Amino acid sequence: MPSRKFADGEVVMGRWPGSVLYYEVQVTSYDDVAHLYTVKYKDGTELALKESDIRSLSSFKHRKSQSSSGSPSRRSSSRSRSRSPGRPAKGRRRSSSQSREHKEDKKKTVQETSLVPLVLLCLFKLSENNTRSYNGEPESTERNDTSFIALEQKFKPTLEIERVLEQYSLRPRKEEKKREEIYSEKKIFETMKTIEKVPSKTKELEFGGRIGTFMLIFFLPATVLYLLLMCKQDDPSILNFPPPLPALESLWETRVFGVFLLWFALQALFYLLPIGKVVEGLPLSSGKKLQYRINGFYAFILTAAAIGTLLYFQFELHYLYDHFMQFAVSAAAFSMGLSIFLYIRSLKAPEDELAPSGNSGYLVYDFFIGHELNPRIGNFDLKYFCELRPGLIGWIVINLAMLLAEMKIHNLSMPSLSMILVNGFQLLYVVDALWNEEAVLTTMDITHDGFGFMLAFGDLVWVPFVYSLQAFYLVGHPTTISWPVAVAITILNCIGYYIFRSANSQKNNFRRNPADPKLAYLKFIPTATGKGLLVTGWWGFVRHPNYLGDIIMALAWSLPCGFSHILPYFYVIYFICLLVHREARDEHHCKQKYGLAWEKYCQRVPYRIFPYVY
């Protein structure tokens, strides 16, 4: 196995892709599998280069000194001797030869010196036509490819004339320069696409690496079990730890598992219905774009009709409350089986279909994060289906079951005000997510993370059984609140929702069409990728205003439970920790992607989530 030539941190000269120009770069890492060096330019740009495209500083300076050893006076005297009257014929031959060499050198100099402004010109053109510019996540390059194809087609009719001009050297210098620029532009794009397609191993491991992910596989189910057991206690104080454990046989019921499978199959049937529009996702590393059917809101309407039919025929929905623990265990068992299936099938997946975050080569880590990016059975996308359907819609069904259980257990003619607020707030959140389903295609869950235990357990267990914790708590611990308090909590939730929705809408509109006259008031920092970083509006207030709105809403969901115990506020604490982790990951990703532009953005917008605090 060949050994590496350059060490991490070493300053060398790296060739810019598609050119003969070398720039001073610093080696940051080396991929032993692909044999590529990751280097960082002075402007913050990071690229993967072959060893043949890198030279040491000493050899580069030595070569430069040799090339400049001949003095102008010696070259001048040589030309003078070649023009001596005593040797006219040979002198003419040498003069024409030197003239040709001089033209070749001049042509090469023009091509090299025009490369840097050409790259900037290409990036500027991309920023004008790009429709996926936004803060924090990977974006589509569809407009970039389209603009280049249009440029190539523009000059295609003149190719035959170009060949004639090349053959007889009849080309004016201006046309020659334009031809060189077009060729250089095409070369740069082709080289950059080749670099993006090179598969690489996951180098930076999250969640504590192999040991951390191994522990989380057991810690997450134990946390769900603990929370549900605590809510069942008369005094759900954290001081009463551990709660009394139920008998193992009471945690499993085959009928409950069958009901869960029926629910999963029903949502899969709604997903396959030919209703709703079909859209394309972001380009994969291979350049291919997957298609997705946007019908989550229709699935929600059909589910509501099905639940309404069951209630009409006197089906007791509080069955969910009576067997809530068994449903959670059934969902956890199903998610574990699904994760094992996903990992086994990912071992046969092509290299370009593996997740960039779950390709470390470590079994436990890749099993947890997800080895394959978009596992599909035909046109059925497993990750996209689980992201919004069984768990998210199931969350609302569980909340409704808790509302009916409260009325039955406490002999109420109508649900309590606290229960109404919790159900109403969370219903708004889920309906908003399903109505804006297309926006999920640009999230890190879809574009970056593989589908493994983390997302399978999160979508099918954590979301429906932990996010409904407030409603489950209120059934056994009713809390009475006054109407003024209810109004204040409602206003707080509306503020959080307004920040969340307006920030996301502002980002999505700017991403689709940065030149929209309605967005003329927005200012942004251009980046070397052709994208823009918003520095006005919500994104000029804090770097992640959507996270701020999320946290405010989470607080409003917990306040109706009162202040007797901290258990209902677990969701708020968890949500803050989750968003801080995501924010740190976004910061790291954006710093690598945007370089100096991201540092400039951080100076303009110093606060990450909480204004004047963090």
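The values are calculated or read from the model by the stated rules, or taken from the named source; none is laboratory data. Just so it is clear, the structure is predicted and the values come from calculations on it, not from any experiment. Note that we place each Cβ from the backbone using ideal geometry, even for glycine, and neighbour counts take in every protein chain shown. Each accessible area value is taken on the protein alone, full model and side chains, heavy atoms only, with ligands, DNA and RNA left out. Shrake-Rupley method; radii C 1.70, N 1.55, O 1.52, S 1.80 Å.
Of all the numbered requirements in (1) at pLDDT 50 or above; (2) open to solvent by less than 60 Å² (accessible area, probe 1.4 Å), residue 254 misses one, and that requirement is (2).
The condition of being part of a loop (DSSP other than H, G, I, E, B) and either at pLDDT 50 or above or open to solvent by 20 Å² or more (accessible area, probe 1.4 Å) (or both) holds for only one of 199, 221, that being 199. Of the listed requirements (1) in contact (Cβ under 8 Å) with a residue 24 or more places away in the chain; (2) farther than 26 Å from residue 256 by Cα; (3) assigned to a loop (DSSP other than H, G, I, E, B), residue 317 misses just one: (2).
When 297, 260 are screened for being under 23 Å from residue 330 (Cα atoms), in contact with a Phe, Trp or Tyr (Cβ under 7 Å, 6 or more places away or on another chain), surrounded by 12 or more Cβ atoms within 10 Å (Cβ to Cβ) and at pLDDT 95 or above, only 260 passes. Among the residues of this structure, residue 479 does not count as one that is open to solvent by 40 Å² or more (accessible area, probe 1.4 Å) and within 30 Å of residue 324 (Cα to Cα).
Suppose the filter is in contact (Cβ under 8 Å) with a residue 24 or more places away in the chain and either in a strand (DSSP E or B) or farther than 18 Å from residue 591 by Cβ (or both); does residue 44 pass it? So residue 44 fails the test. Within region 320-361, restricting attention to residues that are of a type in the set (Gly, Ala, Ser) and assigned to a loop (DSSP other than H, G, I, E, B), the residue that is surrounded by the fewest Cβ atoms within 10 Å (Cβ to Cβ) is 361. Annotation for region 397-409: no member residue is within 16 Å of residue 437 (Cβ to Cβ) and part of a helix (DSSP H, G or I). Scanning region 522-550 for residues being surrounded by fewer than 20 Cβ atoms within 10 Å (Cβ to Cβ) and within 20 Å of residue 611 (Cβ to Cβ) gives a total of 8.
Can you pull out the residues in region 575-614 that are surrounded by fewer than 17 Cβ atoms within 10 Å (Cβ to Cβ) and hydroxyl-bearing (Ser, Thr, Tyr)? Passing the criteria: 607, 612, 614. In region 224-248, the qualifying residues are those that are among the hydrophobic types (A, V, I, L, M, F, W, C) and part of a helix (DSSP H, G or I), and the one that is most open to solvent (accessible area, probe 1.4 Å) is 248. Identify the residue in region 427-470 that is outside any helix (DSSP H, G or I), out of contact with any Ser or Thr (no Cβ under 8 Å at 6 or more places or on another chain) and open to solvent by 10 Å² or more (accessible area, probe 1.4 Å) and, among all such residues, is modelled with the lowest pLDDT. Within region 427-470, the match that is modelled with the lowest pLDDT is 443.
Does any residue of region 368-380 turn out to be part of a helix (DSSP H, G or I), farther than 17 Å from residue 285 by Cα and assigned by the TED database to the domain that holds residue 390? Yes, the conditions are met somewhere in region 368-380.
Within region 270-289, the set of residues being open to solvent by 60 Å² or more (accessible area, probe 1.4 Å), closer than 15 Å to residue 381 by Cβ and charged (D, E, K, R) comprises 280, 288.
Does residue 302 satisfy being open to solvent by 30 Å² or more (accessible area, probe 1.4 Å), in a helix (DSSP H, G or I) and at pLDDT 95 or above? Yes. Among the conditions (1) within 26 Å of the chain's Cα centre (by Cα); (2) surrounded by fewer than 16 Cβ atoms within 10 Å (Cβ to Cβ), residue 497 misses just one, which is (2).
Specify the residue that is farthest from residue 506 (Cα to Cα); the eligible residues are those in region 415-426 that are open to solvent by 10 Å² or more (accessible area, probe 1.4 Å) and in a helix (DSSP H, G or I).
417
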